[in-house]
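Notes follow the structure.
Quick note: the coordinates plus some simple rules give every number you see, no bench work behind them. Here the structure is a predicted model, which means the values were calculated and not measured. Quick reminder, even Gly has a Cβ in these numbers, built from the backbone with ideal geometry, and neighbours come from all protein chains shown.
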């Protein structure tokens, strides 16, 4: 009698788990995938960082591979200077130009784009992600979520120096 009761309880639990999975699958299969969504992209800040060139060789700018980087000729920039325009979310990152980049040599000017934590804590980032996911669930859609940190990097140099700029 005791074994039969255990088997009945086990099978009833298995049936309830199956029903729960079926209902969840039916609900989530109706969701629409809407692509990538960047959290904090509406709060981007632009800053221009200016550095002096010391050498006549290549100008190496070390940026992350996922950052959209471009070089632009600008006659208003001095021949011995480089201007780096960065669009970023100051809540999540803080941007600085590092002089002691790993690509620096005696002939080359090398600048690393460095960043650290911004004003937002990890807990705030989790809450921002939670808010985005819950808003999408209400709309019966789902996205691939990422945080907007550094969006674009535009290096402005004098037209004579455009050919010297290299990204790593």
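A few notes on this one:
- With a Förster radius of 41 Å applied to the C-beta separation of residue 132 and residue 74, the computed FRET efficiency comes to 0.65.
- Computed per residue of the chain from DSSP H runs no shorter than four, each worth -39500 (n - 2.57), the mean residue ellipticity at 222 nm is -9000 deg cm²/dmol.
- Peptides ranked, highest mean first, by Cβ atoms within 10 Å: ranges 6-16, 123-133, 143-153: 143-153, 123-133, 6-16
- On Cα atoms only, tilt of 122-138 relative to the major axis of the chain in degrees: 60 degrees
- Helix 2-28 axis, angle to the chain major axis (alpha carbon atoms, nearest 10°): 40 degrees
- Subtracting the Cα-Cα distance of residue 124 and residue 146 from their residue separation scaled by 0.36 nm leaves 6.5 nm.
- Reported label for calculated P(r) over Cα pairs in 10 Å bins from 0, in percent given (1) 9, 26, 20, 15, 12, 8, 5, 3, 1, 0; (2) 8, 25, 20, 10, 10, 12, 9, 5, 1; (3) 8, 20, 17, 14, 13, 8, 8, 9, 3, 0: (1)
- At R0 = 41 Å, FRET efficiency that the Cβ-Cβ distance of residue 11 and residue 42 yields, to 0.05: 0.20
- Bridges between two residues of the chain, per DSSP, are antiparallel at a rate of about 50%.
- Two-site label geometry, residue 27 and residue 52: point separation in nm, points 7 Å out along Cα→Cβ: 6.4 nm
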